[in-house]
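Trainee: Below is a structure I'd like to ask you about.
Just so it is clear, none of the values below were taken in a lab; they were calculated from the coordinates. As the structure is a prediction and not an experimental result, all values here were calculated from the model. Because the Cβ atoms are built from the backbone with ideal geometry, glycine has one as well, and the counts that use them run over all protein chains shown.
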């Protein structure tokens, strides 16, 4: 399992470098839209495992529009307009569908949740990429989350004795979280030296620690959904990692935090 995780990570690195650093932002948009559609499919699959029938096709199409709106606003108003339009459209489609009345609340809720949890949160990566110094901050985000995952895994496996939140994730430990924080701080200093020299040491380490904690919460939230659906992985598309949500769960929570941090600087 470990060698599969390492191999898939090494194969992803050149793709990540190409789409985030070398190509124009529109190519990264296309990559994120594809990932969001796959992620929504995985989420809807979890809902279906609970007997819920979300409108997966329609929800994924609307989710793609939400990600596109993060790159270039589709309407001359806030993103709330598009989200409201999506909500109304989903309810109207369910209203006139041939499905029985029973389960309508669950079906609509799961369809909307797929857009909010997956597409909306994925879109913040696009917003970071199109912002000031977008390439640098996007790479920073990925490096911090990767370092956090590696630190948590390495320290947790070797020294983990105290469970972090056993009800949701029995394997996660407090020692692993400490390892994640240490690895994230070290990666932040490396990123500062490499491509963020204008950012103060306190600021770069501080935001890295926040991202590591928020990313851990994102990981636990996805574990909550998987436990509710009684499945081990959200998908099988990434060898050694599982599905898109298994790989991006931390990123979904960390990206909005970094985006609003950058806006408030």
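Trainee: If you fit an axis through the alpha-carbon atoms of helix 104-114 and take the longest principal axis of the Cα set of the chain, what angle between them do you get, 0 to 90°, nearest 10?
Mentor: 30 degrees
Trainee: Okay, next question. Most mobile of 133, 219, 69 per a Gaussian network model of the chain (Cα springs, under 10 Å)?
Mentor: Maximum among the listed residues: 133.
Trainee: Let me ask another. Which value at 222 nm does the chain reach when only helices count, each DSSP H run of 4 or more adding -39,500 (n - 2.57), with the total divided by all residues and rounded to the nearest 500 deg cm²/dmol?
Mentor: -24500 deg cm²/dmol
Trainee: Next question, about the same structure. Using Cβ counts within 10 Å as a stand-in for footprinting exposure, how do 163, 94, 45, 263 rank, fewest first?
Mentor: Final ranking by Cβ density, sparse to dense: 263, 163, 45, 94.
Trainee: Springs between alpha-carbon pairs under 10 angstrom, Gaussian network model over the chain: which of 181, 23, 57 fluctuates most?
Mentor: 23
Trainee: What is the helix-to-structure angle for 244-264, meaning the angle in degrees between its Cα long axis and the longest Cα principal axis of the chain, kept from 0 to 90 and rounded to the nearest 10?
Mentor: That helix lies at roughly 70 degrees to the long axis.
Trainee: Of the candidates 100, 73, 170, which one comes out as most mobile in a Gaussian network treatment of the chain with C-alpha springs shorter than 10 Å?
Mentor: 100
Trainee: Ranking 67, 37 by Cβ neighbours within 10 Å, fewest first, what do you get?
Mentor: Arranged by neighbour count, lowest to highest, 67, 37 become 37, 67.
Trainee: While we're looking at this one, here's another question. Label-point separation (nm) for residue 198 and residue 65, each offset 7 Å from Cα along Cα-to-Cβ?
Mentor: It works out to 3.7 nm between the two label points.
Trainee: Rounding to the nearest 10 and keeping the result within 0 to 90°, find how far the Cα-based axis of helix 201-229 lies from the longest principal axis of the chain.
Mentor: That helix lies at roughly 40 degrees to the long axis.
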